[in-house]
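Here the structure comes first, spelled out in structure tokens, and everything after it is commentary.
The values are calculated or read from the model by the stated rules, or taken from the named source; none is laboratory data. Computed from a predicted model, the values in this text were never measured in an experiment. Don't worry about glycine lacking a Cβ; one is built from the backbone with ideal geometry, like all the others, and counts go over all protein chains shown.
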Ligand SMILES: [Zn+2]
């Protein structure tokens with residue numbers, strides 16, 4: 001066994017503990033910005049279009065990362081996240097200093113109003129990895145927008161020459177062309193360009209194109225299915241602001257006797273969890289919610305009633321996941337089990 005094979009096995013073992021086959025750091029470079037607005041056309045500014053597209057691309061990569069069911073795990077570095085000027089060397093420095101694995105640059109094209117289509121660049125005499133990245137982006141952008149194929153190209157662009165990792169620069173379409181500008185300036189089409197850039201980087205890393213799950217909301221009410229408690233809990237409507245038709249309550253004391261809310265989550269990933277109660281001076285000041293991972297979050301039920309209160313955001317597997325409300329806290333009060341909510345994967 002040579003050292004390369006050994007390192008490969010160690011890497012594979014390390015990755016086996018994660019649900020993702022691929023982890024990589026991606027630097028997204030939104031072209032222009034600030035004092036450099038880039039090209040203009042049809043009421044649009046390139047710097048604005050490409051920032052919005054780049055932020056949507058980051059959002060897709062984050063969603064893919066948070067959804068453990070498929071795709072990859074990406075750590076995203078942005079050269080800018082607002083309308084500010086960043087020099088070309090500054091962009092390279094951000095990517096190089098972050099140790100990014102790939103550099104992906106997003107622009108709109110412009111020429112004479114008549115030119116149109118999509119083209120993607122790698123540096124002159126690119127490595128096979130840079131060429132592959134470029135080709136994947138071009139292929140996916142043609143699928144996303146269906147514009148004319150101007151081809152896979154090379155150029156000695158500064159950011160492609162001076163970044164130390166495989167890199168590509170996409171000219172999505174022409175901002176100054178009537179047909180193309182419908183795409184460059186539309187939020188919906190920017191989002192599809194972003195999603196297909198995600199497919200491109202997934203494919204580049206040998207993954208099948210995977211669209212992460214969008215967030216779903218699961219509410220479990222004490223009067224609906226998914227709720228269980230002992231007969232020591234009773235229902236009440238005497239304090240207004242309850243969720244659904246009533247709420248469950250129990251006196252506090254030195255016993256858990258928890259009420260349990262269970263939701264069946266369709267996908268794994270990060271879930272924001274929150275709870276609903278009716279507030280009052282006789283409620284527990286430190287009501288112990290036990291989260292699916294066994295951690296405990298104490299909430300003051302004397303205030304904040306009639307609304308969702310955040311418990312925590314946790315990475316949860318798919319399937320039945322429960323939040324329990326224990327009555328084990330300072331005696332002489334009531335704990336209120338009215339509803340809980342899971343929102344995710346995010
Ligand atoms: Zn540009």
| Residue count for region 238-256, restricted to those that are in a loop (DSSP other than H, G, I, E, B) and surrounded by fewer than 17 Cβ atoms within 10 Å (Cβ to Cβ) | 8
| said: Considering only region 58-77, I want to know if a residue exists there that is within 16 Å of the ligand (Cβ to nearest atom), in the same structural domain as residue 179 (by TED's automatic domain parsing) and either buried (at least 19 other Cβ atoms within 10 Å of the Cβ) or within 14 Å of the chain's Cα centre (by Cα) (or both). | reply: no
| said: List pairs: first residue in region 284-300 and in contact (Cβ under 8 Å) with a residue 24 or more places away in the chain, second residue part of a loop (DSSP other than H, G, I, E, B) and exposed (fewer than 14 other Cβ atoms within 10 Å of the Cβ) anywhere in the structure, Cβ distance under 8 angstrom, at least six positions apart or on different chains. | reply: 284/330; 285/330; 286/330
| field | Top-ranked residue of region 26-35 - restricted to ones that are away from the ligand (no atom under 11 Å from the Cβ) and assigned to a loop (DSSP other than H, G, I, E, B), ranked as nearest to residue 82 (Cα to Cα) | value | 34
| Do any residues in region 84-113 that are without any contact (Cβ under 8 Å) to a residue 40 or more places away in the chain have Cβ atoms under 8 Å from those of residues that are within 16 Å of the ligand (Cβ to nearest atom), where the two are at least six apart or on different chains, and which pairs are they? | 90/79
| task | Collect the residues in region 48-70 that are at pLDDT 95 or above and in contact with a strand residue (DSSP E or B) (Cβ under 6 Å, 6 or more places away or on another chain), keeping them in residue-number order. | result | 49, 50, 51, 53, 54, 57, 58, 61
| task | Just give me the residues in region 228-245 being under 37 Å from the mean Cα position of the chain (by Cα) and over 20 Å from residue 302 (Cβ atoms), in sequence order. | result | 228, 229, 244, 245
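Report, by residue number, each residue of region 104-119 that is in a strand (DSSP E or B) and away from the ligand (no atom under 13 Å from the Cβ).
104, 118
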| request: For region 36-46, state whether one or more residues are within 16 Å of the ligand (Cβ to nearest atom) and in a helix (DSSP H, G or I). | output: yes
| field | Exclusive hit being more than 16 Å from the ligand (Cβ to nearest atom), in contact (Cβ under 8 Å) with a residue 40 or more places away in the chain, outside the structural domain of residue 269 (by TED's automatic domain parsing) and over 24 Å from residue 178 (Cβ atoms), set 164, 128 | value | 164
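Conditions (1) surrounded by fewer than 24 Cβ atoms within 10 Å (Cβ to Cβ); (2) closer than 24 Å to residue 48 by Cα, marked per residue:
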residue: 120; (1), (2): no, yes
residue: 135; (1), (2): yes, no
residue: 150; (1), (2): yes, yes
residue: 154; (1), (2): yes, no
residue: 158; (1), (2): yes, yes
residue: 162; (1), (2): yes, no
residue: 173; (1), (2): no, yes
| note | All-but-one check, residue 176 against (1) more than 15 Å from the ligand (Cβ to nearest atom); (2) touching a strand residue (DSSP E or B) at 6+ places or on another chain (Cβ under 7 Å), failing number (1)
| task | Please indicate, with yes or no, whether at least one residue in region 90-103 is within 13 Å of the ligand (Cβ to nearest atom) and more than 27 Å from the chain's Cα centre (by Cα). | result | no
| note | By residue number, the members of region 144-159 that are under 13 Å from residue 130 (Cβ atoms) and under 27 Å from the mean Cα position of the chain (by Cα) are 159
